[in-house]
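The following block contains the structure, expressed as structure tokens.
The values are calculated or read from the model by the stated rules, or taken from the named source; none is laboratory data. Every value quoted in this text rests on a predicted model; they were computed, and no experiment measured them. We place every Cβ from the backbone using ideal geometry, glycine too, and count neighbours over all the protein chains shown. What goes into the accessible areas is simple: the full protein's heavy atoms, side chains included, and nothing from ligands, DNA or RNA. Shrake-Rupley method; radii C 1.70, N 1.55, O 1.52, S 1.80 Å.
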Amino acid sequence: MAVKFVPKRYSPEEIEALKKNPNVLEVRENRLLLTIEFRQQVYEAWIRRPERSTVRRMLEANGFDTQRLGLNFTKSVAVSYTHLRAHETRGNL
């Protein structure tokens, strides 16, 4: 069964707060894009300990309020890393 993630809607106040974080590439009402450098750091931590809590801890350590980002955001990051790792182990990258 496929997991569908409903994007969180960020308020104007949340958008302004997120824009101040140096790890944010872009933020819109329905989208948050992280910098490639930060995504790489999170991925490297996740490789060492592939758990959703690893993603959450990395986000929190870098100034993100994971309660405001929502559970779906941390889940979607972890799921994307799981898929990426599967491709790597099969030699598809």
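Figure the gain on full extension for SER76 and ILE47 (residue separation times 0.36 nm, minus the Cα-Cα span) and round it to one decimal in nm.
Stretched out fully, the SER76 to ILE47 stretch lengthens by 8.9 nm.
Leaving out ligands and nucleic acids, and using a 1.4 Å probe, what accessible area per residue does the stretch 1-71 come to in Å²?
Per residue, the stretch 1-71 has an accessible area of 72 Å².
Taking a virtual spin label 7 Å from the Cα of GLU16 along the C-beta vector, which residues in the stretch 33-58 bring their backbone nitrogen under 19 Å of it?
none
For the stretch 9-17, what does the Karplus curve 6.51 cos²θ - 1.76 cosθ + 1.60, with θ = phi - 60°, yield as ³J(HN,Hα) per residue in whole Hz, taken in order and with x for Gly and Pro?
Rounded to whole hertz, the list is 9, 8, 6, x, 5, 5, 4, 4, 5.
Right, here's the next one. Order the peptides 67-79, 21-33 from the highest to the lowest mean number of other Cβ atoms within 10 Å of their residues. Intermediate results must be reported in sequence, preceding the final value.
Values: 67-79: 16.3, 21-33: 13.8.
Descending packing order for the listed peptides: 67-79, 21-33.
Using a 1.4 angstrom probe on heavy atoms only, work out the carbon and sulfur share of the accessible area of the stretch 37-85 in %. Intermediate values should be presented prior to the final figure.
Working: 1380 of 2990 Å².
Within the stretch 37-85, the accessible surface is 46 percent carbon and sulfur.
Sequence-distant or interchain residues sharing an amide H contact under 5 Å with VAL24, placed H: which?
Residues meeting the amide H criterion: THR35.
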